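Asker: Input: one structure, supplied below.
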Amino acid sequence: MRTELQRPRGTQDVLPPESWKVEGLRQVALTVARRYGFEPVETPIFEQSAVFLRVGEHTDIVQHERYTFRDAGGVELTLRPEGTAAVARAYVENGLQAWPKPVRLCYFGPMFRRERPQAGRFRQHTQFGAELYGSESPLADAEVILLALAVVEAAGLADPEVRVNSIGCERCRPRYREALVGYFAARREALCPDCQVRLERNPLRLLDCKVDVAVRAEAPDLADYWCDDCRAHFAAVEAAVASAGRRVERDPHLVRGLDYYTRTVFEVGHPSLGAGVALFGGGRYDGLVASLDGPTVPAVGFGMGIERLLGALGDRLAVTAPTPLYVGHLPGYAEEAFRLAEWLRNQGVAAESDLLGRSVRAQLKDAARRTRWAVLVGGREWEAGQVVVRDLGQGTQAPWPKERLLEWEGVAAARLAVGVPWAEPKAAPDLR
RNA sequence: GUGGAUGUAGCUCAGUUGGUUAGAGCACCAGGUUGUGGCCCUGGGGGUCGGGGGUUCAAGUCCCCUCAUUCACCCCA
């Protein structure tokens with residue numbers, strides 16, 4: 001294999017049937033999001049670098065993991081490492097503050113981070129995300145959390161459990177940070193090397209260190225420093241999520257990497273992904289839009305890792321590729337088969353005919369690999385106004401009148417199902 | 001960015017202390033059956049042994065570098 005012609009490190013080629021699963025998840029996500037009133041938004045996969053720098057100047061993601069380049073005009077561009085900043089930019093640029101509040105947007109697409117690849121982590125990955133602008137109500141936080149859970153559950157994951165926390169607001173967080181730094185600075189000698197760095201650069205991160213568990217156990221708790229508003233907000237979020245019948249648990253050590261979060265942060269993990277690897281994560285970011293020179297607009301949102309969701313689902317995702325109808329031909333009838341296949345497609349039926357000039361034997365062998373239903377064109381039956389319909393699963397066949405072909409069960413099965421049966425709603429709990 | 005493991009055909013792998021033209025199974029293509037798949041039989045295509053350098057009469061095998069994959073840390077979806 002020529003190394004310079006291999007796909008870039010940390011990227012993937014997604015082939016059928018796996019690619020159908022990604023498409024299935026996209027439809028699940030968008031269908032469920034629509035139930036919550038979220039509408040899809042598309043933004044470029046690259047932005048001017050300033051968009052991300054403005055919003056995350058202290059985060060690893062924009063500091064060390066950016067894919068940045070200059071185009072021929074000298075403009076510095078960055079492949080988007082996350083969706084929130086990009087959608088917020090679009091919100092400001094298109095004047096969405098003039099839209100009726102709240103504004104609910106969602107997206108599904110690739111993100112780029114130059115990290116060292118490992119299980120569940122790629123340099124290009126796909127995120128489904130949702131952003132809700134214009135409400136500072138705890139019900140907005142709850143709605144977004146419920147949406148994320150509903151998507152995960154609709155995809156087939158049972159009983160996900162969210163961990164939530166509040167990192168306070170600009171009024172209470174500085175006091176907490178001070179207390180935290182004081183606590184850890186006094187124990188600097190006992191900290192792991194990573195934490196000694198965190199102490200300087202990102203003190204909140206000290207909370208979720210896996211090494212210094214004993215030291216952090218005694219650390220000051222955010223909850224003791226919340227202002228009255230933050231306390232009430234957090235309690236209301238917890239209550240609203242729980243009232244919808246979802247399991248929530250406060251994780252006092254949960255903090256998140258992007259530094260635009262205010263108050264609520266949350267994430268959901270999964271046993272198959274290992275500790276600290278999130279299926280989705282998000283939170284409230286009331287200051288983000290303003291930091292992009294927009295109006296002061298409160299917002300909440302989340303991002304969900306599609307590859308991780310796929311991994312957690314394993315074989316449970318019941319997405320199947322459409323089974324086409326194979327239109328085979330007897331010697332001398334290739335053109336008739338070609339035309340019949342095209343006629344069927346125009347009736348909404350998925351149909352394939354032989355393009356390799358194969359023998360009947362080879363056609364059937366090929367057909368059996370691809371699908372379950374075949375019709376054969378040619379010979380006595382064709383001349384008598386019939387085709388031969390064959391069930392490749394059963395190995396049975398019979399003549400069938402051409403003009404009634406659409407009534408055959410194999411054709412019905414091959415009719416392209418455009419719906420998303422796997423995203424049908426579950427029975428709802430009683431309304432109280 | 002740090003540390004470990006692994007690279008032989010599309011896939012899963014064999015290849016003896018270094019020794020001729022590098023093998024198997026599955027998959028793929030064709031034929032056995034000029035109108036019929038799955039089993040079976042015959043034949044075929046497909047490899048610069050990840051890449052480069054070195055040691056040697058001789059390297060898939062030993063040494064060095066590099067690239068990639070993978071796992072963990074960091075961080076995150």
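Asker: Would you please name the residue that is farthest from RNA strand B (Cβ to nearest atom), looking only at residues in the range A:48-63 that are buried (at least 18 other Cβ atoms within 10 Å of the Cβ) and not in a helix (DSSP H, G or I)?
Answerer: If we take residues in the range A:48-63 being buried (at least 18 other Cβ atoms within 10 Å of the Cβ) and not in a helix (DSSP H, G or I), then A:Gly56 is farthest from RNA strand B (Cβ to nearest atom).
Asker: Next question, about the same structure. For the range A:347-369, which residues satisfy the criterion of being more than 32 Å from the chain's Cα centre (by Cα), of a type in the set (D, E, K, R) and within 8 Å of RNA strand B (Cβ to nearest atom)?
Answerer: Once the filter is applied, which keeps residues that are more than 32 Å from the chain's Cα centre (by Cα), of a type in the set (D, E, K, R) and within 8 Å of RNA strand B (Cβ to nearest atom), the range A:347-369 yields A:Arg358, A:Arg361, A:Lys365, A:Asp366.
Asker: Identify, by number, the condition in (1) open to solvent by less than 40 Å² (accessible area, probe 1.4 Å); (2) more than 16 Å from RNA strand B (Cβ to nearest atom); (3) over 30 Å from A:Arg205 (Cα atoms) that A:Trp20 doesn't meet.
Answerer: Looking at each condition in turn, A:Trp20 falls short on (1).
Asker: Run down A:Gly134, A:Gly109, A:Gly83, A:Gly95 and say which single residue is open to solvent by less than 40 Å² (accessible area, probe 1.4 Å), out of contact with any strand residue (DSSP E or B) (no Cβ under 7 Å at 6 or more places or on another chain), under 17 Å from A:Glu39 (Cα atoms) and modelled with pLDDT of 95 or more. Working first, answer last.
Answerer: Working: A:Gly134 fails: out of contact with any strand residue (DSSP E or B) (no Cβ under 7 Å at 6 or more places or on another chain); A:Gly109 fails: out of contact with any strand residue (DSSP E or B) (no Cβ under 7 Å at 6 or more places or on another chain); A:Gly83 fails: out of contact with any strand residue (DSSP E or B) (no Cβ under 7 Å at 6 or more places or on another chain).
Result of the check over A:Gly134, A:Gly109, A:Gly83, A:Gly95: A:Gly95.
Asker: Taking the range A:384-398, which residues are more than 8 Å from RNA strand B (Cβ to nearest atom) and among the basic types (Lys, Arg)?
Answerer: Initial filter on the range A:384-398 (more than 8 Å from RNA strand B (Cβ to nearest atom)): A:384-387, A:389, A:398.
Scanning the range A:384-398 gives no hits.
Asker: Which ranges mark the strands (runs of 3 or more DSSP E) fully within the range A:88-203 that have 2 or more residues being in the same structural domain as A:Thr262 (by TED's automatic domain parsing) and touching a Pro at 6+ places or on another chain (Cβ under 8 Å)? Give the steps one after another, and end with the answer.
Answerer: Numbers: elements: A:103-112, A:124-133, A:162-166.
Strands (runs of 3 or more DSSP E) meeting the threshold: A:103-112, A:124-133.
Asker: Going by the structure shown, is A:Gln12 on the phi < 0 side of the Ramachandran plot, in a helix (DSSP H, G or I), surrounded by 13 or more Cβ atoms within 10 Å (Cβ to Cβ) and of a type in the set (S, T, N, Q)?
Answerer: Numbers: on the phi < 0 side of the Ramachandran plot: yes; in a helix (DSSP H, G or I): no; surrounded by 13 or more Cβ atoms within 10 Å (Cβ to Cβ): yes; of a type in the set (S, T, N, Q): yes.
Here the answer is no, as A:Gln12 does not meet what is asked.
Asker: If you don't mind, another one. Of all the residues that make up the range A:137-169, how many are at pLDDT below 95 and surrounded by fewer than 18 Cβ atoms within 10 Å (Cβ to Cβ)?
Answerer: The qualifying residues number 4.
Asker: I would also like to ask the following. What about A:Arg2, is it among the charged types (D, E, K, R) and modelled with pLDDT under 90? Steps first, answer last, please.
Answerer: Working: among the charged types (D, E, K, R): yes; modelled with pLDDT under 90: yes.
When the stated conditions are applied, A:Arg2 passes them.
Asker: Which one of these does A:Val211 not meet: (1) in contact (Cβ under 8 Å) with a residue 40 or more places away in the chain; (2) open to solvent by 20 Å² or more (accessible area, probe 1.4 Å); (3) not charged (D, E, K, R)?
Answerer: All conditions pass for A:Val211, except number (1).
Asker: Failed condition for A:Ala321, given (1) at pLDDT below 90; (2) open to solvent by 50 Å² or more (accessible area, probe 1.4 Å), with all others met?
Answerer: (2)
Asker: Give me the pairs: first residue in the range A:25-43 and open to solvent by 10 Å² or more (accessible area, probe 1.4 Å), second residue β-branched (Val, Ile, Thr) and not in a helix (DSSP H, G or I), beta-carbon distance under 7 Å, and six or more apart or on different chains, which are they?
Answerer: If the second residue must be β-branched (Val, Ile, Thr) and not in a helix (DSSP H, G or I), the pairs left are A:Gln27/A:Val420; A:Thr31/A:Val420.
Asker: Another question, then. If I ask for residues that are over 27 Å from A:Glu115 (Cβ atoms), in a helix (DSSP H, G or I) and of a type outside the set (A, V, I, L, M, F, W, C), which ones from the range A:25-38 would you list?
Answerer: A:Gln27, A:Thr31, A:Arg34, A:Arg35
Asker: Quick one: in the range A:222-250, which of the residues that are assigned to a loop (DSSP other than H, G, I, E, B) and touching a Phe, Trp or Tyr at 6+ places or on another chain (Cβ under 9 Å) is most open to solvent (accessible area, probe 1.4 Å)?
Answerer: Taking the range A:222-250 as the starting set, the residues that turn out to be assigned to a loop (DSSP other than H, G, I, E, B) are A:225-227, A:244-247.
Within this subset, residues satisfying the condition of being touching a Phe, Trp or Tyr at 6+ places or on another chain (Cβ under 9 Å) are A:225-226.
On the way: A:Tyr225: 62, A:Trp226: 23 Å².
Out of the qualifying residues, it is A:Tyr225.
Asker: Looking only at residues that are open to solvent by 40 Å² or more (accessible area, probe 1.4 Å) and within 11 Å of A:Thr323 (Cα to Cα) in the range A:370-383, which one is nearest to RNA strand B (Cβ to nearest atom)?
Answerer: A:Arg372
Asker: Separate question: Which residues, taken from the range A:91-134, are more than 9 Å from RNA strand B (Cβ to nearest atom), among the polar types (S, T, N, Q) and within 27 Å of A:Thr68 (Cβ to Cβ)?
Answerer: Matches in the range A:91-134: A:Asn94 only.
The values are calculated or read from the model by the stated rules, or taken from the named source; none is laboratory data. Bear in mind the structure is a predicted one, so any value in this text is a computation, not a measurement. When we count neighbours, we look across all protein chains shown, and the Cβ atoms used for this are built from the backbone with ideal geometry, even at glycine. These area figures cover heavy atoms from the full protein model, side chains too; ligands, DNA and RNA do not enter into them. Shrake-Rupley method; radii C 1.70, N 1.55, O 1.52, S 1.80 Å.
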